[in-house]
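Worksheet: one structure, shown below.
Bear in mind these aren't lab numbers, they're just calculated from the coordinates by the rules spelled out. Predicted, not measured: the structure shown is a model, and the values here were computed from it.
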Amino acid sequence: MENLMNLSQIIVSISVVYVWTFRFHNVLKEFNQFGLSDFTRNIVGTTKISLSTLLIVGVWYPSLVLIPSILMGLLMIGAQYFHFKISNPFIKHLPSLILLALSIFIAYLSIK
């Protein structure tokens, strides 16, 4: 089960960093659609990349995983809220929904 948890941590981390670096043009577009400021976008991005870093470090130091996984899950709930708010199709909800499920999974296993 530990390997599955580590894999989940890596998937969440790489996905978030990929989106916030290589697909940043999509982030810009989405935050404009959501009606959020550049400052908010920058705070969210910095927070997500920091949490991703902690999740990766958590592969070697498992005690670091619980809080970042919960916070990442909360950010994904926020993403779901904004996708619903602007009535995006389900396909737009799917990435953050999957990352939410993985964050919950990671948090659950880190408690056990």
Convex hull per residue volume in Å³, alpha carbons only, for region 14-112: 86
Helix 90-111 versus the longest principal axis of the chain: what angle, 0 to 90°, nearest 10, using Cα atoms? 30
